[in-house]
Structure formats: C-alpha cells, structure tokens
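Undergrad: Okay, here's the structure, questions in a sec.
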C-alpha cells in the first residue's frame with residue numbers, strides 16, 4: 001500500500017536528516033570498531049526502520065517497491081553497514097514470510113520483526129550451493145509433526161544477531177534441483193543450532209556474517225513456510241527479485257555520495273595553479289560517473305514501478321542489479337583516482353567505500369548469475 005505524497009516526503013526527509021546528522025559522523029568509528037553502537041540501533045527501532053516493508057496490518061509501514069528504493073537510495077549516502085542493521089528485516093529476512101507465509105505464521109512473527117524485537121536472517125547459501133542455489137544439501141526429514149533439519153549455511157548476514165532464520169532445505173531427496181526444496185522458519189537458540197566464528201571481511205565493517213550449522217534440529221511442521229513442501233526455491237527467488245532492486249537502489253545512493261565527494265575534492269584540490277576540476281580528464285571521469293548513475297536510477301525506478309503494478313520483473317531486477325552494482329564499482333574506482341593519494345588513505349573514507357561496494361557484485365546473486373537470468377529470459381521469450 002503506497003503512502004500519500006506528504007507522508008512519504010516527511011519520511012524521506014526524516015531519514016535524510018538521520019543519515020546526515022547521526023550516521024555519517026560515525027562512519028570512521030564503525031569502520032574501526034567493526035560494530036554499530038547499541039544506542040544507534042535503538043534509535044533505528046524507534047524510527048520504525050525495521051518495519052519499513054512489513055505490511056501495516058502487522059505493525060510496519062508497508063512501503064511499496066518504489067517507496068522502498070527511495071529509502072534505500074538515501075541510506076546509500078553513508079556506510080552500508082548502517083543499513084545492514086535493519087536490512088534483513090526489511091528485505092530477505094522477512095520477505096519469505098511476507099510473500100508466502102501463512103496468516104498464522106505472519107501473526108506470530110511479523111509484528112515483532114516490525115519493531116526490531118526479532119531480527120530475521122535468510123539462510124540459503126551453503127558450502128556447495130552458492131550461485132547454484134537449487135542444489136541445497138541441507139535436509140529436512142519429516143518425522144510425525146516435526147521436521148529434522150541437518151546441514152550448514154554459509155555467509156549468512158546478521159546470523160550472529162538473528163532471532164529467526166528463514167531456512168531452505170531439501171524435503172524430497174528424490175526430486176532433483178529446485179523442486180525438492182522447502183522453506184522453514186527456525187527460531188534461533190533451540191537445540192542443535194551452532195554459529196560459526198564471524199568472518200573478518202574485506203569491507204562493510206560493522207556488518208555481521210557467519211556460518212550457521214543445523215545438527216538434528218527439531219522444527220514443528222507448522223513452521224513450514226506456506227504449509228507447503230517443494231515451494232521453497234520459488235519463494236527464495238521472489239525474495240531475491242525484490243532484494244536485487246533494493247541493492248540496486250543502494251548502489252545508486254552510494255554512487256551519489258562518491259560523485260559528490262569527488263566533485264567537492266576536485267573543486268578544492270589545486271594543481272598547476274588551478275582546481276583539478278578544470279582539467280578535462282578529471283571532468284571526463286566525473287561525467288562518466290554521473291551519466292552511468294543516472295542510467296541506473298532510471299532503470300531501477302522503472303522496474304520498481306512495474307513491480308508495484310503487478311508485473312513479473314525477475315529479468316528487469318537482474319538487469320538493474322547487474323548494471324547498478326557494476327556501475328558503483330566503476331564510480332568508486334574513479335573516485336579513488338580523482339582523489340589520488342588521498343583516495344588511498346583512510347582519512348577521506350573513499351577507500352572504505354571502494355572496499356564496501358565490491359560485495360554488491362557478489363551477494364544476492366553474482367553479476368554472472370544476473371547475466372544468466374537475463375539471457376534465459378530472453379531465450380524463453382523468443383521461443
């Protein structure tokens with residue numbers, strides 16, 4: 001359900017002020033400490049950020065896709081670690097439930113996810129099933145009114161902080177590929193769940209990622225998402241289509257930040273008696289970054305509008321993620337180049353963004369997976 005224009009403008013203005021006044025001044029601190037201050041997380045809860053996309057009926061704001069990308073773009077103006085705090089509740093950690101959960105399941109978990117009382121996490125990737133998501137080896141064996149879950153999930157965002165996992169497991173070993181995969185809601189802390197050591201990452205310090213091991217975990221059958229076996233892979237793909245548009249918009253926001261910082265530096269930094277912004281090769285890099293970011297922005301707005309209208313946007317979402325995440329990588333590279341030596345040291349923060357954005361081309365489907373999704377859609381439509 002779309003917000004009225006005045007309410008949306010007020011929300012975006014509030015978030016913009018929060019990003020500028022509260023988050024940006026803490027970027028270096030978070031990068032060094034590799035953690036988000038607890039008082040900041042509480043502020044995010046009070047602002048309703050954990051429930052941005054959760055329907056109003058369950059205590060959220062119920063933003064549609066066009067509204068969600070507007071929020072994601074603003075959060076791109078600061079370190080992506082801040083968005084990650086509530087990102088799984090807004091995206092992949094809650095949307096399996098929002099999209100395909102039963103009413104009983106929604107009532108049980110979504111209100112607490114909307115307030116941030118429950119942190120959700122999305123468990124799809126495995127040691128042997130990353131890009132090949134249909135080849136999950138985690139098993140779910142039915143025993144009476146329960147399922148017994150065994151397996152390992154890898155690189156799971158917010159797992160160290162999670163209260164609820166959306167877990168994808170194979171319920172039918174005789175069904176090859178995606179058709180034997182089902183989705184489950186599993187509460188953290190029950191017997192048999194073990195968390196791996198948090199990963200030390202190239203970038204995005206302040207985000208929490210680790211492996212999750214399930215050893216004969218007993219899960220009630222009522223926690224099968226949608227009360228239906230074999231639908232898990234389709235659920236995961238619908239969640240990822242939405243998440244890909246979100247990541248695309250975040251990439252646009254970060255590119256805006258990098259372009260603004262690069263332009264400011266180019267106007268202030270002088271060489272040969274004039275600002276380096278006067279040199280055509282610097283202008284060319286600025287112009288290329290601005291043009292590519294504008295193109296990405298137009299793509300994402302169009303795809304979001306189509307999704308809100310009920311269209312299947314799987315291929316468009318893949319196109320957006322492919323272009324936007326590759327684009328922000330190029331923008332970050334140019335930003336380092338424009339800053340020169342200053343772009344390589346920590347003081348200006350450019351090198352931090354350079355490392356942070358590298359992940360966008362990998363998670364929620366690598367660039368190569370997006371290319372495959374796009375090409376297969378083209379071939380299917382031509383048949």
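Undergrad: Taking region 1-23 as the search range and keeping residues that are crowded, with 19+ Cβ neighbours inside 10 Å and over 19 Å from the mean Cα position of the chain (by Cα), which one is nearest to residue 356 (Cα to Cα)?
TA: Among those residues, the one meeting the criterion is 18.
Undergrad: Please go through region 99-130 and pick out each residue that is out of contact with any strand residue (DSSP E or B) (no Cβ under 6 Å at 6 or more places or on another chain), within 21 Å of residue 245 (Cα to Cα) and crowded, with 20+ Cβ neighbours inside 10 Å.
TA: Answer for region 99-130, where residues must be out of contact with any strand residue (DSSP E or B) (no Cβ under 6 Å at 6 or more places or on another chain), within 21 Å of residue 245 (Cα to Cα) and crowded, with 20+ Cβ neighbours inside 10 Å: 100, 114.
Undergrad: Let me ask something else about it. Select from region 184-219 the residues that are under 14 Å from residue 147 (Cα atoms) and crowded, with 21+ Cβ neighbours inside 10 Å and list them in ascending order.
TA: Hits for region 184-219 are 184, 185, 186, 214, 217, 219.
Undergrad: Every residue in region 24-61 that is in contact with a strand residue (DSSP E or B) (Cβ under 9 Å, 6 or more places away or on another chain), closer than 14 Å to residue 85 by Cα and surrounded by fewer than 18 Cβ atoms within 10 Å (Cβ to Cβ), please.
TA: 34, 35
Undergrad: Moving to a separate point now. Please count how many residues of region 330-348 are surrounded by fewer than 19 Cβ atoms within 10 Å (Cβ to Cβ) and either under 22 Å from the mean Cα position of the chain (by Cα) or part of a helix (DSSP H, G or I) (or both).
TA: Looking only at that region, the number is 9.
Undergrad: Let me ask something additional. Please verify whether residue 135 is in contact with a strand residue (DSSP E or B) (Cβ under 6 Å, 6 or more places away or on another chain) and surrounded by 19 or more Cβ atoms within 10 Å (Cβ to Cβ), treating the condition exactly as stated. Can you show your working first?
TA: Details: in contact with a strand residue (DSSP E or B) (Cβ under 6 Å, 6 or more places away or on another chain): yes; surrounded by 19 or more Cβ atoms within 10 Å (Cβ to Cβ): no.
No: the conditions fail for residue 135.
Undergrad: Okay, next question. What residue, among those in region 117-140 that are assigned to a strand (DSSP E or B) and touching a residue at least 24 places away in the same chain (Cβ under 8 Å), is farthest from residue 365 (Cα to Cα)?
TA: Across region 117-140, the extreme among qualifying residues is 140.
Undergrad: Inspect region 297-305 for any residue being assigned to a helix (DSSP H, G or I) and within 25 Å of residue 31 (Cβ to Cβ) and give the result as yes or no.
TA: No.
Undergrad: For residue 57, work out the one condition from (1) more than 18 Å from the chain's Cα centre (by Cα); (2) modelled with pLDDT under 95 it doesn't fulfil.
TA: (2)
The values are calculated or read from the model by the stated rules, or taken from the named source; none is laboratory data. This one's a predicted model, so the numbers in the text were calculated from it and none came from an experiment. Cβ atoms come from the backbone with ideal geometry, glycine included; neighbour counts cover every protein chain shown.
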